[in-house]
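What follows is a single structure, written as C-alpha cells, with notes after it.
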Amino acid sequence: MAGPHYWLVMPAAGRGLRMAGAARCPKQYLPLAGRTVIEHALAPFLADPRCRGAVVVHAPDDATFRTLPPAADPRVVAVHGGAERRDSVAAGLAALTVQVGGDDPWVLVHDAVRPCLPSADLEALLAALAGSPAGALLGLRVADTLKRADAGGRVEVTVARERLWRAQTPQAFRLRRLAGAIAVAAAATDEASAVEALGDQPLLVPGSADNHKFTEPADVALAARILAGRAAPDRVRIGFGIDVHGFGPGDHVWLGGQRVPHSQGVVAHSDGDVLLHALCDALLGAAGLGDIGDHFPDTEARWRGAASTALLRQVLELVRGAGWRVGNADLTLLAEAPRLAPWRGPIRERLAAELGVPVGRVSVKATTTERLGFIGRGEGLAAEAAVLLERDS
C-alpha cells in the first residue's frame, strides 16, 4: 500500500436532530447491515495497517460507544467532545497530541456518519498527500445548477458552478497545523476551512458519491444498498478440479502443455493432459460454467486428439467473458512415473503465460500414492487443481 502512516480523529458527539423523527438514538448508532453506522465508518481505517490509531470523540453523556466492539480495540481511544464539531475535533486533536508526544503525524478527520467510504477514495487521498504538504480532502465537483434564494425563497441569483466542489471527509492535515487552525478559526465549518483561514490551500481529491453523509431517514436505505453491493459473495470464487487417465500404448505423456517422454502413453479422447484437464475443470467450476465434459464431450470427433492447451484457452475465454480473472492456481500430479521434477519450471512458465498471471501465482507439485491403488501399481496417473478467481472490475 502506498501513502503515509496516519492517525484518525472521528467526531461523533452529534445528536442527529434531522433524524430525530426516524430514530430514538443519535444517527451514528443506527443499525446498518448488522452493525452500527459508526462501526462501518471506522472499519476502513481499523483494517488499514497504515492507521496508527483512532480517537473517537463522543458526547459526555453518551454511554453507547464504549459498548461497541471498536471500543475494545487497543488502537482506539474514546474521549468526550463538545457542543460543536469544532469543539469535538479540538478535543480529539488534544488527546492525539498526548498519544504521539513530539511527533507531527498526518491526521485524517472523518465523519462518524459517513459509513460507505470506498477504499479507492481513501487510497487516492493518502496518495495525494505526497504532493500536498498543506493537506488534502475528498470532494465532489458540483454538477447541478446552483441558486441563491432571498429571504422569501425566491431565486436571487444563479451561482456559477465552475470550480465549485462539495467537501467530503476524510480531510487530512498535519496534526500541529490543524490543531493550531482549529484553535483560532471559530467560524470554520470543517477542518479544511480552518486551515484555509491560515492561508493554506489544501488539495481537493475527487471522491465518490457512495461516501454519503447521513442526514435524512432515507439515507439508511441508501447506505444499506451500497454496503449490500460491496458484500456480494462473488468478488472471489474458488474452484477444484480432478482428472484421471489410464496408461496405454505410446512413448510420451502430456503434462501441463509439455511433451514428457515416458514408456507409455495415456488412453484419452484428447491428448490426455491430466494437469490441464484438472485445471480446466477447476476454472469452470469456480465460474459456475459446468465442467470440461459439458464443453468438450468425448462424443464429438472434433475433440479427438485435441491439444489441451487449446481447450484451456477456450475455457479461459469463457471465464473472462463471465467477468472473472485468475488470481492463482495450484496443481498436483499423482503418479509413480514419470518424474515431474525436470519439467516443473517449464510447466509453471507455460501455465503462467496462459493464465495471464506472474509465475509466482502458479504452483505445480507432484506426489506418489506410496504404491497404493491403480496409481501405485503404475496403471495410470491423476491430477488435482485448485484455482482462485477474482471479479474483473
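Can you list the residues of the range 137-155 with backbone N under 19 Å from a point 7 Å past the Cα of residue 162, pointing along Cα to Cβ? Counting only backbone N, you get 141-148. Straight-line cross-link partners of residue 27 among the lysines, defined as a Cα under 30 Å from its Cα and at least 8 positions apart when in the same chain: 147, 213. The orientation-averaged shadow of the Cα convex hull for the range 233-391, equal to a quarter of the hull surface, comes to 9.0 nm².
For the range 130-244, the square roots of the Cα gyration tensor eigenvalues, ordered a ≥ b ≥ c, give a/c of at least 1.5 with a/b no greater than b/c, which places it in the oblate category.
Extension gain residue 225-residue 310, at 0.36 nm per residue separation less the Cα-Cα distance, in nm? Display every interim value, and only then the final one.
Values: separation 85, 0.36 × 85 = 30.60 nm, distance 4.18 nm.
Additional length available on full extension: 26.4 nm.
Along its principal axes, the range 6-226 has C-alpha extents of 52, 41, 32 angstrom, given from the largest down. Only helical runs count toward this figure. For the chain, summing -39,500 (n - 2.57) over DSSP H runs of n ≥ 4 and dividing by all residues gives -8500 deg cm²/dmol at 222 nm.
For the chain, the C-alpha radius of gyration divided by 2.2 N^0.38 Å, with N the number of residues, is 1.40.
Between residue 291 and residue 184, what length comes free when the chain is fully extended (0.36 nm per residue of separation minus the Cα-Cα distance, one decimal in nm)?
Contour length minus Cα-Cα distance gives 31.7 nm.
Taking 0.36 nm per residue of separation and subtracting the Cα-Cα distance, full extension of the segment from residue 303 to residue 25 would add 93.4 nm.
We did not get these values from a lab; they are worked out from the coordinates using the rules stated. Not measured: the values here are computed from a predicted model. Please note: Cβ atoms are built from the backbone with ideal geometry, for glycine as well, and neighbour counts cover all protein chains shown.
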